[in-house]
Amino acid sequence: MSKRIVVVGSNFAGYTAAIELKKHLGDEHNVSVISASDEFLFMPSLIWVPFGLREKKQIAFKVEPQYRKRGIEFRHARVEEIDPQKQELRFEGGKEEYDYLVLATGPELNYGAVKGLGPYDGYTQSIFSWDAAELAHEAFLAWEQKPGPVVIGAVQGASCFGAAYEFLLNFAHELRKRKLHKKVPLTYVTAEPFLGHFGIGGLGNAKAMCEWFFKHLNISFELDAAVREISDSKIQLEDGRSLDYSYAMLAPAFRGVETVRNVPGLTNAGGWVRTDGHYRSYAYENIFAAGVAVALDAPQPTAVPCGVPKTGYLSEEMAKVAVHNIAAEIHGQPLISLPPASIDAKCVLDAGNTGIIMLSDHFLEPRKQAWLIPGPEAHWAKLAFEKYFLTTRKRGMV
C-alpha cells in the first residue's frame, strides 16, 4: 500500500530528508514538503554578512525546482497545527494527511528570554537568520562611523557557540584590517565555564587553542555569565558584572517551534522532540525528527545553563538515519540506531584569515579521537566547503 510521508522544514535536515526519502522510496510512495521558507539558507556563512562579505544570492537558493524535478510535492506554508491522532497537518488554507511525519523545523529564536536582547525589540545584533544578519550589517556600518567597545557572545541557554566564536574572531580580524585593534576593546561574554567548551564539555585541546587566540588577538572574556538585562549601551549580568558596548552580538537561546511544542507528549520542556536512537518519537511511532528539532541533553551540568549545539552536518546525518528507518519499516527491513552523541563531528571554526579544523569520532564524550588543526588552512577549508556544499545542494545532491 502506498504511503504518504510529509517533511516539515526544508533546510539542512528537511532538504536532506526529502531528497533521501524519494531516493529510497521512488514513485511508489508519496513524499511532500511543507516549509515556512521556500529557500535553503547556508547558515554557516551568516557570520560574514554583517561585514558586507556575502549577499543572499550567494548563500541561498530556491528549493522547489529540485523537489519538482524529483516528483516531491512542495508547499510554501507555515504549519499551524499537528494532529497526531488524525495524522493530519493544518496550515492556512488547507490541511494534509500523513502516514509518516518528519519534523525538521529548526529552532525558534527566544530573544524574549532576556530583556533588551535581539535586533527587533532589543539592542543587540544577531546572525541567526538572514533578516537579523542584514540588520547586523547596517549596525556595523553605523558603528564604523563612531567605533567603540564591542561585546560578542552567547546568553544563558544558548547553544550555537561556534557561530559566536566565529563572529568574534572575524570581528577581531576586521578590527586589524581597519587598524582599530589597539583602540577598540573586544570582549567575549558566555555562559560557558571555560573557553572552548562549546556546550559539549570541550573538544580535545580546544580550551588551550581558544585561550591562545584570545591572548594573541587581545580579546578579554567573561565566563559563567548569565545576562540579566541589556540597555542601549550596557549589558548587566546577574552577578553584578556589567559591560559597556557600542556594538553587541549575543546568541539567543533556542527553543522548539510553537507548533511542535503544542503537541501533547511530543517534546521536552524546551520544545525539542524526544526521540530514540532511530529518531522516532517516543510518543508517536509514525513521527520522526531530525536536526535542531531533536532533543539532546547536555553532557554535564554547568553553573550557568548551556544548550547543546546541533551543526548542519549533524542535522544531515540525523536525517539520513531517520529516512533509512522510515524506508526500512515500509519495506519490512531492520532499522538502524545512531544516537546524536555517537555521530562523528566535522567542523571548521573560521577566524577571518585563519581558524581551527575540528574533527572527532563522536560528537559527545566518550571519544577515542579528537583532532584540532589550527592555521590559515582552516579559513580556506571553510571557503572551499561553502562552494562545494552550495554547488552540490543546488543540484539536489545530498
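Among the candidates 102, 49, 31, 79, the residue that is under 23 Å from the mean Cα position of the chain (by Cα), within 20 Å of residue 320 (Cβ to Cβ) and of a type in the set (Val, Ile, Thr) is uniquely 102. The C-beta contact set for the stretch 371-398 (first residue open to solvent by 60 Å² or more (accessible area, probe 1.4 Å), second residue assigned to a helix (DSSP H, G or I), distance under 6 angstrom, 6+ apart or interchain) comprises 374/209.
Answer with yes or no whether residue 172 is in contact (Cβ under 8 Å) with a residue 24 or more places away in the chain and part of a loop (DSSP other than H, G, I, E, B).
Numbers: in contact (Cβ under 8 Å) with a residue 24 or more places away in the chain: yes; part of a loop (DSSP other than H, G, I, E, B): no.
In short, no.
For the stretch 234-244, give me the residue count where each residue is under 22 Å from residue 147 (Cα atoms) and either open to solvent by 80 Å² or more (accessible area, probe 1.4 Å) or without any contact (Cβ under 8 Å) to a residue 40 or more places away in the chain (or both).
Taking the stretch 234-244 and keeping what is under 22 Å from residue 147 (Cα atoms), we get 234-236, 242-244.
Then keep just the ones that are either open to solvent by 80 Å² or more (accessible area, probe 1.4 Å) or without any contact (Cβ under 8 Å) to a residue 40 or more places away in the chain (or both); that gives 234, 236, 242, 244.
Result for the stretch 234-244: 4.
Pairs under 9 Å by beta carbon, first residue under 16 Å from residue 350 (Cβ atoms) and part of a helix (DSSP H, G or I) in the stretch 199-214, partner among the β-branched types (Val, Ile, Thr) and at pLDDT 95 or above, six or more apart or different chains? From residues that are under 16 Å from residue 350 (Cβ atoms) and part of a helix (DSSP H, G or I), the pairs are 206/356; 209/356; 210/356; 213/219; 213/354; 213/356.
With respect to the conditions (1) in contact with a strand residue (DSSP E or B) (Cβ under 8 Å, 6 or more places away or on another chain); (2) in a helix (DSSP H, G or I); (3) of a type outside the set (Asp, Glu); (4) open to solvent by less than 20 Å² (accessible area, probe 1.4 Å), residue 358 falls short on a single one, namely (2). With respect to the conditions (1) assigned to a loop (DSSP other than H, G, I, E, B); (2) under 30 Å from residue 351 (Cβ atoms); (3) of a type in the set (Asp, Glu), residue 108 falls short on a single one, namely (1). Residues in the stretch 138-169 that are among the small types (Gly, Ala, Ser) and in contact (Cβ under 8 Å) with a residue 40 or more places away in the chain: 139, 148, 153, 154, 157, 158, 159, 162, 163, 164.
Of all residues in the stretch 185-225, those being farther than 19 Å from residue 375 by Cα, open to solvent by 30 Å² or more (accessible area, probe 1.4 Å) and of a type in the set (D, E, K, R) number 2. Residue count for the stretch 54-86 under the criterion of being touching a Phe, Trp or Tyr at 6+ places or on another chain (Cβ under 6 Å), in a helix (DSSP H, G or I) and under 12 Å from residue 396 (Cα atoms): the result is 2. Being within 22 Å of residue 254 (Cα to Cα), open to solvent by less than 40 Å² (accessible area, probe 1.4 Å) and at pLDDT below 95 is the requirement here; does residue 341 meet it? Here the answer is yes, as residue 341 does meet what is asked.
Taken together, the residues in the stretch 361-370 that are among the aliphatic types (A, V, I, L, M) and either surrounded by fewer than 17 Cβ atoms within 10 Å (Cβ to Cβ) or more than 20 Å from the chain's Cα centre (by Cα) (or both) amount to 1.
Going through the stretch 377-391 one residue at a time, which ones are in contact with a strand residue (DSSP E or B) (Cβ under 8 Å, 6 or more places away or on another chain) and within 19 Å of residue 166 (Cα to Cα)?
We begin by selecting, within the stretch 377-391, every residue in contact with a strand residue (DSSP E or B) (Cβ under 8 Å, 6 or more places away or on another chain); these are 377-379, 381-382, 385, 390.
If the condition is that a residue be in contact with a strand residue (DSSP E or B) (Cβ under 8 Å, 6 or more places away or on another chain) and within 19 Å of residue 166 (Cα to Cα), then 377, 378, 379, 381, 382, 385 are the ones that fit.
Search the stretch 258-276 for residues being crowded, with 22+ Cβ neighbours inside 10 Å and on the phi < 0 side of the Ramachandran plot, and hand back the single one that is nearest to the chain's Cα centre (by Cα). Full working, then the answer.
Looking only at the stretch 258-276, we keep the residues that are crowded, with 22+ Cβ neighbours inside 10 Å, and these are 260, 266-267, 271-273, 275.
Subsequent filtering for residues that are on the phi < 0 side of the Ramachandran plot retains 260, 266-267, 272-273, 275.
Numbers: 260: 17, 266: 21, 267: 18, 272: 14, 273: 16, 275: 19 Å.
Checked the stretch 258-276; the qualifying residue nearest to the chain's Cα centre (by Cα) is 272.
Quick check on this structure: which one of 117, 89, 101 is open to solvent by less than 20 Å² (accessible area, probe 1.4 Å) and part of a loop (DSSP other than H, G, I, E, B)?
Exactly one residue qualifies, and that residue is 117.
Taken over the stretch 17-34, the criterion of being part of a strand (DSSP E or B) and open to solvent by 10 Å² or more (accessible area, probe 1.4 Å) is satisfied by 30 alone.
Yes/no per residue for (1) modelled with pLDDT of 95 or more; (2) open to solvent by less than 10 Å² (accessible area, probe 1.4 Å); (3) not polar (S, T, N, Q):
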position	(1), (2), (3)
52	yes, no, yes
58	yes, no, no
68	yes, no, yes
83	yes, no, yes
94	no, no, yes
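Residue count for the stretch 292-323, restricted to those that are farther than 14 Å from residue 12 by Cβ and touching a helix residue (DSSP H, G or I) at 6+ places or on another chain (Cβ under 7 Å): 1. The selection criterion, being modelled with pLDDT of 95 or more, among the aliphatic types (A, V, I, L, M) and surrounded by fewer than 21 Cβ atoms within 10 Å (Cβ to Cβ), does not hold for residue 349.
Let's see how each residue does on (1) outside any helix (DSSP H, G or I); (2) surrounded by fewer than 19 Cβ atoms within 10 Å (Cβ to Cβ); (3) of a type in the set (Ser, Thr, Tyr):
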{"residue": "278", "(1), (2), (3)": "yes, no, no"}
{"residue": "284", "(1), (2), (3)": "yes, yes, yes"}
{"residue": "299", "(1), (2), (3)": "yes, yes, no"}
{"residue": "307", "(1), (2), (3)": "yes, no, no"}
{"residue": "325", "(1), (2), (3)": "no, no, no"}
{"residue": "329", "(1), (2), (3)": "no, yes, no"}
{"residue": "333", "(1), (2), (3)": "yes, yes, no"}
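The values are calculated or read from the model by the stated rules, or taken from the named source; none is laboratory data. Owing to the predicted nature of the structure, the values given are computational and were not obtained by experimental measurement. Here the Cβ is made from the backbone with ideal geometry for all residues, glycine too, and neighbour counts use every protein chain on show. Protein only, heavy atoms only, side chains kept; ligands, DNA and RNA dropped before computing areas. Shrake-Rupley method; radii C 1.70, N 1.55, O 1.52, S 1.80 Å.
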